[in-house]
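Following: one structure in structure tokens, then a few remarks.
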Amino acid sequence: MRLPGTRYQEHGWEHVRKLLGQCSLQALASLCPRLPDLSQQQACLDAYLDAMAELLHANRRCARATAPGNSYGDSTLELALELVCELQARPADWAAFRSAVAAEHARCGAFWDGPGGEAILRKKVNDMFAVLRDKVDSDNYQVACGRSCSPNKMYAYRMLDTASSEIARIFGAWREHREQVAAIIGRPVEGVPIEVRQMRGAGDCKAGWVVSWSETLERFSGAPGPLHTRSKRFANLKSSPEKIRAMLAEIGEYEELSSNRDCDRMLDANEAAEWLEDLWRVVSESRAGDDPDDAPPGPAAADAASWTAQALAGSSLPVYLAVYLKMVGGADETYPDEWLDPATGELPTMQQLALQDHVSLPTLRKRRDQAIAKLMGAARP
């Protein structure tokens, strides 16, 4: 999920969380016995921050640290370091973590040394940074938008984004989930439901679908949906479909707007088309040998598409189309009709392709960029 000003809400958060947890266990190894002592709270925080800075620096070249943390170009390491700095500026979150450790210690003694102790400690670290993450992103959202947003509301945005993605997944496999689709849309399913065609992204997800999905989830999964647990966290949303509708629309609108920036990373549509034609020409010449007189003319559009398909063998169709979307643009008269979105007559958007491939938008971008790199590598003589 992406919203204005936020940096920690995408799938890259999992890398950030794991890197922070991995380093925290080492940083806390000698600090845990001191944590229950309230008089040492600040001293422990200072020692923890120093140790985290050293450990993150020591791990700066590992695969997890260098992995993309979000779609804005921040690495996992950069996001982890900045969140540790935020902890220094927000000591109340450290105090809450210390209190949780002290409470566990009062019940179980030195739990960090016992069986499963590391897992318990890591869970408490994860909780601390998750709360801090939403505080940071909600503050930055308010700066970017000029609208109020609490950490709880940021959590609600993320829940709705997850819900809409899950509904899209269920709709995409409606034959296997016919009964659940019927429960969500509120009518029997006979043939392809029109709702399946309507669901292209979070902005197309209806509030009623979210409420029905949550209300009936326990029947299909064994666990209650987020709007229907005993927790009161989402009580105001369950009875306010207009709020759900507005929040989903905002998620969808910003993702659509921000996905358009892909077109600006390399070239505009005309330049990209020329680049791809040059690439195909170089491929033809390199295959013809070193004598330029023997080189055949550049491939026709159908031949070029065939060569591209060979070069990208193993890529899914959504990834394949994402390459064309970036390199040539959404509209081109040479595209086969089966590639096109009937509603627009152009290639599907990145958001639509991500849904078709059952992956997140950042994951699809990564696979598309890898495919383009492979395409360029195949073109080298």
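Being in a helix (DSSP H, G or I), over 16 Å from the mean Cα position of the chain (by Cα) and buried (at least 16 other Cβ atoms within 10 Å of the Cβ) is true for just one of Ala371, Ala354. Which residue is that?
Details: Ala354 fails: over 16 Å from the mean Cα position of the chain (by Cα).
Testing whether each residue is in a helix (DSSP H, G or I), over 16 Å from the mean Cα position of the chain (by Cα) and buried (at least 16 other Cβ atoms within 10 Å of the Cβ) leaves just Ala371.
Going by the structure shown, is Gln180 outside the structural domain of Gly21 (by TED's automatic domain parsing) and either farther than 30 Å from Cys205 by Cβ or surrounded by 17 or more Cβ atoms within 10 Å (Cβ to Cβ) (or both)? Steps first, please.
Working: outside the structural domain of Gly21 (by TED's automatic domain parsing): yes; either farther than 30 Å from Cys205 by Cβ or surrounded by 17 or more Cβ atoms within 10 Å (Cβ to Cβ) (or both): yes.
So Gln180 passes the test.
Quick check on my filter: what residues within the stretch 1-20 are assigned to a helix (DSSP H, G or I) and basic (Lys, Arg)?
Within the stretch 1-20, Arg17, Lys18 meet the criteria.
Just checking, does the stretch 83-96 include any residue being farther than 28 Å from Ser148 by Cβ and part of a helix (DSSP H, G or I)? Can you show your working first?
Narrowing the stretch 83-96 to residues farther than 28 Å from Ser148 by Cβ: none.
No: zero hits.
Just one of (1) buried (at least 21 other Cβ atoms within 10 Å of the Cβ); (2) in the same structural domain as Ala96 (by TED's automatic domain parsing) trips up Tyr8, so point out which.
(2)
In this structure, does Ala130 turn out to be more than 20 Å from Ser221 (Cβ to Cβ) and either surrounded by 17 or more Cβ atoms within 10 Å (Cβ to Cβ) or in contact with a Lys or Arg (Cβ under 8 Å, 6 or more places away or on another chain) (or both)? Show your work before the answer.
Working: more than 20 Å from Ser221 (Cβ to Cβ): yes; either surrounded by 17 or more Cβ atoms within 10 Å (Cβ to Cβ) or in contact with a Lys or Arg (Cβ under 8 Å, 6 or more places away or on another chain) (or both): yes.
Here the answer is yes, as Ala130 does meet what is asked.
Looking at Leu28 and the list (1) touching a residue at least 12 places away in the same chain (Cβ under 8 Å); (2) surrounded by fewer than 20 Cβ atoms within 10 Å (Cβ to Cβ); (3) farther than 27 Å from Asp139 by Cα, which single condition is not satisfied?
Unmet for Leu28, out of (1) touching a residue at least 12 places away in the same chain (Cβ under 8 Å); (2) surrounded by fewer than 20 Cβ atoms within 10 Å (Cβ to Cβ); (3) farther than 27 Å from Asp139 by Cα: (2).
Only one of these is crowded, with 19+ Cβ neighbours inside 10 Å, in contact (Cβ under 8 Å) with a residue 60 or more places away in the chain and among the polar types (S, T, N, Q): Ser214, Ser164. Name it. Write out each step before concluding.
Numbers: Ser214 fails: in contact (Cβ under 8 Å) with a residue 60 or more places away in the chain.
Of Ser214, Ser164, the one residue that is crowded, with 19+ Cβ neighbours inside 10 Å, in contact (Cβ under 8 Å) with a residue 60 or more places away in the chain and among the polar types (S, T, N, Q) is Ser164.
Identify the residue in the stretch 48-62 that is among the hydrophobic types (A, V, I, L, M, F, W, C) and surrounded by 13 or more Cβ atoms within 10 Å (Cβ to Cβ) and, among all such residues, is nearest to Ala95 (Cα to Cα). Explain how you work it out, then say what you get.
Step one: filter the stretch 48-62 for residues among the hydrophobic types (A, V, I, L, M, F, W, C), giving 49, 51-53, 55-56, 58, 62.
Checking which are surrounded by 13 or more Cβ atoms within 10 Å (Cβ to Cβ) leaves us with 49, 51-53, 55-56, 62.
On the way: Leu49: 14, Ala51: 18, Met52: 17, Ala53: 19, Leu55: 22, Leu56: 22, Cys62: 30 Å.
Ranking the candidates gives Leu49 first.
I need the full set of residues from the stretch 187-245 which are of a type in the set (A, V, I, L, M), part of a helix (DSSP H, G or I) and more than 25 Å from the chain's Cα centre (by Cα), in order please.
First, pick out the residues of the stretch 187-245 that are of a type in the set (A, V, I, L, M): 189, 192, 194, 196, 199, 202, 207, 210-211, 217, 223, 227, 235, 237, 244.
Filter once more, keeping what is part of a helix (DSSP H, G or I): 194, 196, 202, 207, 210-211, 217, 227, 235, 237, 244.
Hits for the stretch 187-245 are Ile194, Ala235.
Within the stretch 304-327, restricting attention to residues that are modelled with pLDDT of 75 or more and β-branched (Val, Ile, Thr), which residue is farthest from the chain's Cα centre (by Cα)? Can you show your working first?
First, the residues of the stretch 304-327 that are modelled with pLDDT of 75 or more: 315-327.
Narrowing further to those that are β-branched (Val, Ile, Thr): 319, 323.
On the way: Val319: 16, Val323: 19 Å.
Within the stretch 304-327, the match that is farthest from the chain's Cα centre (by Cα) is Val323.
The values are calculated or read from the model by the stated rules, or taken from the named source; none is laboratory data. The structure presented is a predicted model; accordingly, all values stated were derived computationally and were not measured. Ideal geometry is used to build each Cβ from the backbone, glycine not excepted, and the neighbour counts take in all protein chains shown.
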